[in-house]
Each structure stands twice: as structure tokens, then as C-alpha cells.
């Protein structure tokens, strides 16, 4: 099953025709990596496709010093799995990204690439927003691009639990052709906001 998920996602990113949204990383694209202040078997690493706003939050708020961070825009490549696995060394990774087909498919790719219980979803969702105690106004949401709308059946196939991941409110937004990006959450919080708070509580 994992091989089918990986191939389906990789083929969609390669053939979607929308490189601005469904970007597949090049081998030379650099990761952003920030190590935790100290490491143990319980250390959590946050992976995000939005490294700029997440690293700003991590640097500003010392309460997140114990978290490791790995970030890069777009869909990783198969060779990235071995390197990331060595860095994690059995520790857990939580995925923080937009509530849209692109990032949900990137999460599904990581879940299929690593041990299933090693990766958890922490992306924009009903639960994530509740944990931050914020509401995203309608004018902070964005329309799905035409390519993202075409990707919804693919998302259903590779991440059949996406509705439970984003919650009923998030699922209703996606069904209505709308999305919430992590930058909107950061703006609502007042950057650099405490975007990583749900990862430590």
C-alpha cells in the first residue's frame, strides 16, 4: 500500500502542470535544520513545508528550544528519507503545514515513507486552531487553485483520513474549494507567533 501511495503522489507532483503549488524538490534544494537544545529519546522533530515562518517562531520563543526542526518547501525525494531517518534516529516527527491538498499529500508521503507511528499530523486543522485559541476569519482563507481542486480525488486516495486530520470545519472548507495557509495563522497570531505551541503541549 505504501508503494502505491508514494508512486501516486510522486506522479501527481510530476505531472500536475502546476509547479507553483505542486513543487517537487530538486536534489540541490537545501533543508533548513535547527537542532534541539538537548536531545533524548523523547525529543520531537517538527517538519514543515513553510520553513521561514516556523523558524521565526522557533527562534523568538524559547519554550520551543527543545524541539528539533526540519524544513523545506515542496515534495521531498526518495533519497531524503534515509537522511531524515538517520537524523530522527527513531524519534517522532510531527508535520506542520497548510490545510490544502499540497501539504496534506506531502504529509501522506512522509507517513508512507517512515514508520507509520513515527509521523503525526500537526498541520492547520480544527484542533490546531483550537489549541492556539484563534479563529481564522473568512477573509484569511484562500481559494484552492484549479490544480488543487483537481487534486482532491487524489488526496482522497492517498490520504483517506484527511477529513479526520483537519476536522469537520476544515473538511467543510476544503469541500467548498477553500484552504488555510500557515502564513494566515502566523498573521492572525501576530508574527512571529507561537506556531509550534501544539507540538509541546
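Laboratory data are not the source of any read-out in this text; all were calculated from the coordinates shown. Since this is a predicted model, take the numbers as computed values, not measurements. Positions of Cβ are backbone-derived with ideal geometry, glycine not excepted, and every protein chain shown enters the neighbour counts.
Points worth noting:
- By DSSP, the beta bridges lying fully in the chain are antiparallel in about 30 percent of cases.
- For peptides 81-93, 26-38, 158-170, sequence by mean Cβ density within 10 Å, most packed first: 158-170, 81-93, 26-38
- The stretch 2-200: relative contact order as a whole-number percent, Cα under 8 Å and 6+ apart: 25 percent
- Sum of -39500 (n - 2.57) over DSSP H runs of 4+, divided by residues of the chain (222 nm, nearest 500): -14000 deg cm²/dmol
- Whole-angstrom gap from the stretch 7-75 to the stretch 111-181, using each part's C-alpha centre: 17 Å
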